[in-house]
Amino acid sequence: MKLTYYTDYAFRILIYMLLHPGETVSTRKIAEAYRISPNHLNKVSQKLVQLNMLEAKRGRGGGIKITKSALEWRLGDLVKELESVTELANCCGRSQEAPCVISPACHLRGLLAEVQATFYQSLNKYRVGNLIDKKSDAMRTLLTQ
């Protein structure tokens, strides 16, 4: 399963915020650190605020700050929340624009559903708070270059 840029950017924001606990940081600063568009990060950060993973402060000295509840989010649950399309193949979805004629007898649909469930179960072994570890100093250094 390939994650969208939207989910990738959400993880980048969360990692940056984990490396700067308690700080209020502008999305522009995060965008500069990762060398990506601040407009994209603004959109993603709004979703993370809606999910109560970030607090937003407007105005001078404003920005975003990670919440304590964000640390407890399971990664698989977060990916499900952020990804708009989660089916591995068109035939796996509930709304089939072009339903496959062999779908009623095909085993592929069940196999893909099993693989996808395993993917989310594996991700759910970890929480947002697990995204940084002993290598966090190296990450912090790389983000300031």
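Brief remarks on what is shown
- Considering (1) exposed (fewer than 12 other Cβ atoms within 10 Å of the Cβ); (2) among the hydroxyl-bearing types (S, T, Y); (3) without any contact (Cβ under 8 Å) to a residue 12 or more places away in the chain, the lone condition that S37 does not fulfil carries the number (1).
- Number of positions in the range 125-138 that are within 19 Å of the chain's Cα centre (by Cα) and within 26 Å of I30 (Cα to Cα): 9
- Tally, over the range 19-32, of residues that are of a type in the set (A, V, I, L, M, F, W, C) and at pLDDT below 95: 1
- Within the range 51-66, the residues that satisfy the criterion of being under 19 Å from R28 (Cα atoms) and under 15 Å from the mean Cα position of the chain (by Cα) are M53, L54, I66.
- Residue among E97, E55, E87, E83 that alone is over 26 Å from T141 (Cβ atoms), among the acidic types (D, E) and at pLDDT 95 or above: E55
- Every residue from the range 43-59 that is in contact with a Ser or Thr (Cβ under 8 Å, 6 or more places away or on another chain) and surrounded by fewer than 17 Cβ atoms within 10 Å (Cβ to Cβ): N52, E55, A56, K57
- First in the range 44-56 and of a type in the set (S, T, Y), second anywhere and outside any loop (DSSP other than H, G, I, E, B) and buried (at least 17 other Cβ atoms within 10 Å of the Cβ), Cβ under 7 Å, 6 or more apart: S45/I13; S45/T27; S45/L54; S45/I64
- Of the candidates T118, T141, the single residue that is of a type in the set (S, T, Y), in a helix (DSSP H, G or I), within 30 Å of R28 (Cα to Cα) and out of contact with any Leu (no Cβ under 9 Å at 6 or more places or on another chain) is T141.
- Criterion applied to G110, G22, G62, G76 was being surrounded by 15 or more Cβ atoms within 10 Å (Cβ to Cβ) and out of contact with any His (no Cβ under 6 Å at 6 or more places or on another chain), and the one residue passing it is G76.
- Taken over the range 45-85, the criterion of being farther than 17 Å from Y6 by Cα, part of a loop (DSSP other than H, G, I, E, B) and charged (D, E, K, R) is satisfied by R58, R60, K68.
The values are calculated or read from the model by the stated rules, or taken from the named source; none is laboratory data. The structure presented is a predicted model; accordingly, all values stated were derived computationally and were not measured. Cβ atoms come from the backbone with ideal geometry, glycine included; neighbour counts cover every protein chain shown.
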